[in-house]
Amino acid sequence: MVRKQIVAGNWKMNMDFDEGRDLAFSIIRKLGPLHSQVIFCPPFIHLNYLSVLTKGIANLSLGAQNCHQQNNGAYTGEVAASMLKSVGCEYVILGHSERREYFAEGDEILAQKVDVAIANDLIPIFCVGEKLEIREAGTHENTVEKQLKGGLFHLEKDLFSKVVVAYEPVWAIGTGKTASPQQVQEMHYFIRKAIANKYGKKIADMTSILYGGSVKPNNAKELFENSDVDGGLIGGAALKASDFIDIINSFPKD
Ligand code: PEP
């Protein structure tokens, strides 16, 4: 069973209109045929024109960085999953540690967001990961298991099979500190085992599990080479065309 290999670029709250367009153009101009699924996850303002710009480019998709948990209504300042779908989004990042930390998104809201995303035919890229003190206390697997159970494991099997998981240790995000290939493989193996326990081996073997946390051109290959790592969720390095392309070119795995 071949899992989808994915490189997703999370632009976070960076890039105004012109900067974002220039970045996307620079990347697209230099892209060869894509052997993995590449996803641009820009701020909302870029989604509409990027869906036109990327249309027809095989294996290049768009993702949002968040959606609201309700379908529509009086939620000033929010964006609904159906709206994202209507501008050509195929993916949505949910449960990013910055959303958990700064916007108090916990298990219950995230589970609702997962449901509304799937109901609108968006693929959630569901992030899990522990803080430094949890890693140091050695309880990181418990924490990640709890996040999986709280936000994802309510799904029926057929719906869970649509989800992508991203392991992003909080201590490695934007810090320049990367988890070692061994730490990453151990956690990805643990996540796949937890999925297998809940949904069976076949579904677990089909689920793409991405690593995120200071992935750069000089470490992407050794991180992606791990047998349970199916790609990356890239923050800082997604903002520089040459870095992002080098990371994309770390695929296919040898
Ligand atoms: C992220 O924000 O998802 C991320 C992994 O950021 P960075 O690559 O900058 O650590």
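One table, with the values for the structure above:
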{"item": "Which listed residue, of ILE209, ILE195, ILE203, is under 18 Å from PHE160 (Cα atoms), surrounded by fewer than 19 Cβ atoms within 10 Å (Cβ to Cβ) and in contact with a helix residue (DSSP H, G or I) (Cβ under 8 Å, 6 or more places away or on another chain)", "result": "ILE203"}
{"item": "Total residues in region 67-94, condition touching a residue at least 40 places away in the same chain (Cβ under 8 Å) and among the polar types (S, T, N, Q)", "result": "3"}
{"item": "Some residue of region 75-92 being within 21 Å of LYS216 (Cα to Cα) and surrounded by 17 or more Cβ atoms within 10 Å (Cβ to Cβ)", "result": "no"}
{"item": "Qualifying position, being touching a helix residue (DSSP H, G or I) at 6+ places or on another chain (Cβ under 9 Å), buried (at least 22 other Cβ atoms within 10 Å of the Cβ) and not charged (D, E, K, R), among VAL128, VAL116", "result": "VAL128"}
{"item": "Condition met for GLU130 (touching an Asp or Glu at 6+ places or on another chain (Cβ under 9 Å), within 15 Å of the ligand (Cβ to nearest atom) and farther than 25 Å from VAL38 by Cα)", "result": "yes"}
{"item": "Pair list, Cβ under 7 Å, 6 or more apart: region 136-160 residue free of Cβ contacts under 8 Å to residues at least 12 places away in the same chain, other residue surrounded by 14 or more Cβ atoms within 10 Å (Cβ to Cβ)", "result": "none"}
{"item": "Those residues of region 95-131 which are in contact with a Cys (Cβ under 7 Å, 6 or more places away or on another chain), among the small types (Gly, Ala, Ser) and either without any contact (Cβ under 8 Å) to a residue 12 or more places away in the chain or more than 20 Å from LEU159 (Cβ to Cβ) (or both), in sequence order", "result": "SER97"}
{"item": "Test: residue in region 50-66 that is surrounded by 15 or more Cβ atoms within 10 Å (Cβ to Cβ), among the hydrophobic types (A, V, I, L, M, F, W, C) and in contact with an Asp or Glu (Cβ under 8 Å, 6 or more places away or on another chain)", "result": "yes"}
{"item": "Filter result (of a type in the set (S, T, N, Q) and in contact (Cβ under 8 Å) with a residue 60 or more places away in the chain) within region 11-66", "result": "ASN14, SER26, SER36, GLN37"}
{"item": "Which numbered condition GLU136 fails, given (1) at pLDDT below 95; (2) outside any loop (DSSP other than H, G, I, E, B); (3) under 25 Å from LYS4 (Cβ atoms)", "result": "(3)"}
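The values are calculated or read from the model by the stated rules, or taken from the named source; none is laboratory data. Computed from a predicted structure; not experimentally measured. Cβ: placed from backbone, ideal geometry, glycine included. Neighbour counts: every protein chain shown.
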